Amino acid sequence: MVSWIYEVAYALFFIFPAYVANAIPVILGGGRAIDGGRKMRDGKPFFGSHKTVRGFVAGILAGTLVGATQNAVFLSGALQDVKFPFQFSIWLGFMISFGALIGDLVHSFVKRRIGIAEGAPLPVADQLDFVLGAVLFSLFVSPPPLLTIFIIFVITVPVHLLTNLLAHVIGMKKTPW
């Protein structure tokens with residue numbers, strides 16, 4: 001039982017920069033759209049107005065700051081008795097954050113291509129796009145064990161749904177998804 005608690009804690013520690021990077025654009029986003037309002041030949045936007053330069057940059061900076069804090073905790077020796085199944089660094093925090101936001105952009109691009117409007121749900125994919133990007137980009141720095149990846153994917157769906165519902169209830173999001 002205790003080992004599963006550690007495994008879930010490792011997974012949450014690993015993916016936390018992505019969770020922050022994915023959430024911050026909701027709080028600090030707005031402004032100029034990444035695609036500049038341009039449309040593809042099909043008349044649909046590349047990403048849409050919800051994907052902004054300010055949100056993208058703020059997400060990367062916030063997620064990287066989380067990664068830097070995690071790295072500082074590692075280096076301080078505060079967790080010296082904990083044997084993490086991956087090597088954390090500021091670079092890993094950056095790659096996880098950047099990957100999360102790239103995953104979200106790719107997801108938005110695909111949603112626009114298949115005719116799903118901005119803000120409209122695409123269940124499961126909406127919850128896992130950023131995690132997939134984060135995990136893929138982490139592979140270049142410090143790949144997590146498969147068990148960690150599995151746990152991340154399993155816990156992210158309910159965590160994402162609950163945090164979006166909370167953001168909706170407190171007025172930070174127009175929709176609960």
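For this structure, a couple of remarks:
- If you filter the range 115-144 down to residues that are over 15 Å from PHE14 (Cα atoms) and buried (at least 19 other Cβ atoms within 10 Å of the Cβ), you find that the one that is modelled with the highest pLDDT is ASP129.
So that you can scan it fast, the table gives a plain yes or no per residue for (1) closer than 18 Å to ASP129 by Cα; (2) touching a residue at least 40 places away in the same chain (Cβ under 8 Å); (3) in a helix (DSSP H, G or I):
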{"residue": "TRP4", "(1), (2), (3)": "no, no, yes"}
{"residue": "VAL8", "(1), (2), (3)": "no, yes, yes"}
{"residue": "ALA11", "(1), (2), (3)": "yes, yes, yes"}
{"residue": "ASP35", "(1), (2), (3)": "no, no, no"}
{"residue": "PHE47", "(1), (2), (3)": "yes, yes, no"}
{"residue": "GLY59", "(1), (2), (3)": "yes, yes, yes"}
{"residue": "GLY63", "(1), (2), (3)": "yes, yes, yes"}
{"residue": "ALA68", "(1), (2), (3)": "no, no, yes"}
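- Of everything in the range 15-30 that is at pLDDT 95 or above and farther than 16 Å from LEU105 by Cβ, the residue that is surrounded by the fewest Cβ atoms within 10 Å (Cβ to Cβ) is PHE16.
- Scanning the range 79-106 for residues that are within 18 Å of the chain's Cα centre (by Cα), surrounded by fewer than 21 Cβ atoms within 10 Å (Cβ to Cβ) and either farther than 16 Å from VAL131 by Cβ or of a type outside the set (A, V, I, L, M) (or both) returns SER89, ILE90, TRP91.
- Breaking point among (1) within 23 Å of ILE5 (Cα to Cα); (2) modelled with pLDDT under 95, for VAL66: (2)
- Once the range 84-109 is narrowed to residues that are modelled with pLDDT under 95, out of contact with any Gly (no Cβ under 7 Å at 6 or more places or on another chain) and not aromatic (Phe, Trp, Tyr), the residue that is farthest from THR52 (Cα to Cα) is PRO85.
- The number of residues in the range 156-174 being part of a helix (DSSP H, G or I), at pLDDT below 85 and loosely packed, with under 13 Cβ neighbours inside 10 Å comes to 0.
The values are calculated or read from the model by the stated rules, or taken from the named source; none is laboratory data. Note that this is a predicted model, so its numbers are computed, not measured. A quick note on method: Cβ atoms are made from the backbone with ideal geometry, for glycine too, and the neighbour counts reach across all protein chains shown.
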